[in-house]
Amino acid sequence: MKQIGKEGATLLRFLIVGIINTIVGAGTMFLLYNFAHVSYWYSSIANYVVGGICSFFLNKFFTFQNKERSWSQVVKFIFTVAICYIAAYGIAKPLAQYALSSYSVSVQENVAMATGTCLYTLLNYLIQKLFVFRHK
């Protein structure tokens, strides 16, 4: 069997961490939105606060196997999460509203949250790899 290489292994680990974060973070988001009736923005923010803490440690030590200890890395991670969140969910909500204008707000926002999660994952991987946990 052909080896997947270092880049492939890193991506595979990132996806495993992503599955864990999705279960924890997106689970929190959808439960808050659908059962606690918390707003779209607060529910989706809760996703990234809860998942972000878990994600930082799993990605740092497991995905990117980064041993660096610095506050600047924490700040870069928080900045990355914030930028990815704003971009992904800022794009997803108006897109879902436009594409699903004949559906209820609940359907639009659930689709927007799912779409935002996908966009966020892609952006987050790229920026974490190239900026936050880059090997020097």
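The values are calculated or read from the model by the stated rules, or taken from the named source; none is laboratory data. Being a predicted model, the structure only gives us computed values, none of them experimental. Counting neighbours? That spans all protein chains shown, and the Cβs are built from the backbone with ideal geometry, glycine included. We work out accessible area using only protein heavy atoms, side chains counted, and drop any ligands, DNA or RNA first. Shrake-Rupley method; radii C 1.70, N 1.55, O 1.52, S 1.80 Å.
Each peptide among 107-117, 16-26 gets the average number of other Cβ atoms lying within 10 Å of its residues, and from highest to lowest they stand as 107-117, 16-26. In percent, rounded to a whole number, the relative contact order of the chain is 24, using alpha-carbon pairs under 8 Å and six or more apart. Considering only DSSP states other than H, G, I, E and B, which chymotrypsin sites (Phe, Trp or Tyr not before Pro) in the stretch 76-136 qualify as loop sites with at most 16 other Cβ atoms within 10 Å? Listed in order of number, the matching sites are 103. The stretch 21-100 and the stretch 102-136 have Cα centres lying 8 Å from one another. Shown here: Rg and Dmax of the Cα atoms in Å, derived from the displayed model; of the candidates (i) 25.4, 70; (ii) 16.0, 51; (iii) 15.5, 45, it corresponds to (ii). Work out which helices of the chain, taken as complete DSSP H runs, extend at least 18 Å along their axis over the Cα atoms and score a mean Kyte-Doolittle of -0.5 or more, then list them. Span-like helices in the chain: 5-21, 40-58, 71-99, 105-127. In the assembled protein chains, residue 76 presents an accessible area of approximately 60 Å² (probe radius 1.4 Å).
The calculated 222 nm mean residue ellipticity attributable to helices in the chain amounts to -24000 deg cm²/dmol, summing -39500 (n - 2.57) over DSSP H runs of n ≥ 4 and dividing by all residues.
Length gained on full extension, residue 13 to residue 106, computed as 0.36 nm times the residue gap minus the Cα-Cα distance: 30.2 nm.
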